[in-house]
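What follows draws every value from the coordinates through simple rules; no lab data is involved. Because the structure is a prediction, the values reported are computed rather than measured. As a convention, Cβ positions derive from the backbone with ideal geometry for all residues, glycine included, and neighbour counts pool all protein chains shown.
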Amino acid sequence: MPVVDANDLLFGNLADSLSKLDEIEKFREQVDRFLEQEREYYEGEHTDLQIEYLPLFADTFPPILHSSIVMSVVVLIELEMRGYCAALCEALDLDLRFGDLAGSVLDRFKAYTTRVAKLDIDFSKARWEDTVGLFEIRNCLVHSGGNLGEFARTPVIKAFATRHGTPVCEGDRLRIGPQTSSVVLSIASHFLHVKYNCALCRFPGRWGPLPQETRKP
């Protein structure tokens, strides 16, 4: 059996993940353009509908689309965590796999990378707190319909909102907007770069260390 080139394997995973993240960002840009066209349509040519429909459109449709972006990014991160750990398992020829661990995806990722694979990831530098907050925003949307009053981890979301100015917490309601999806994409990109830089330094080769990320935090 050929020896696994861990550097190539990990860099390939990173390139695939960043490509998918870029596609989500392109979708976000298309969403923004579409929403702006719809707003102009109701404000301009159909002034009779402006009073009745435009507020409803602004309060419902944009949050739904931007929420879908948040959820897509979280799904991507979760799949990527599993792929990252699978690559480490193959590179290090480990018997223990990611699925063998107990706990949430986040707990298992942290345990597998630090305790099993022995990677020296600086989780504070990787904005782990923000990644956890991102997952809780998704969980609140999916499991509580955005109702903060029914969600046990609301303090995590409110701490996230304090740091970033988004999402908006209006009473017991969680409101997702364009600023939220923009921040979420930034967090995901930064997280990917930091953890893969750590792995590529652990397994040196033709790829890495990665260039400094250009996306704004």
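Can you work out the FRET efficiency for the pair Arg33 and Glu90, with r the C-beta to C-beta distance and R0 = 45 Å, to the nearest 0.05? Show your work: numbers first, answer last.
Working: r = 41 Å, r/R0 = 0.92.
After rounding to 0.05, the efficiency reads 0.60.
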### Query
Cα to Cα, under 19 Å, and not fewer than 8 places away if on the same chain: which lysines meet these conditions relative to Lys110?
Lys118, Lys125, Lys195
### Task
Report the Stokes-Einstein translational diffusion coefficient (µm² s⁻¹, integer) for segment 101-210, Rh taken as the Kirkwood radius over Cα pairs, at 4 °C with viscosity 1.567 mPa s.
85
### Message
Can you compute 3J(HN,Hα) from phi for each residue in segment 15-24, using the Karplus curve 6.51 cos²θ - 1.76 cosθ + 1.60 with θ = phi - 60°, rounded to whole Hz and x for Gly and Pro?
### Response
4, 5, 5, 5, 5, 5, 5, 5, 5, 5
### Summary
With x for Gly and Pro, the residue-by-residue ³J(HN,Hα) of segment 176-192, computed from phi through the Karplus equation 6.51 cos²θ - 1.76 cosθ + 1.60 at θ = phi - 60° and given in whole Hz, is 9, x, x, 5, 4, 5, 5, 5, 4, 5, 5, 4, 4, 4, 5, 4, 4
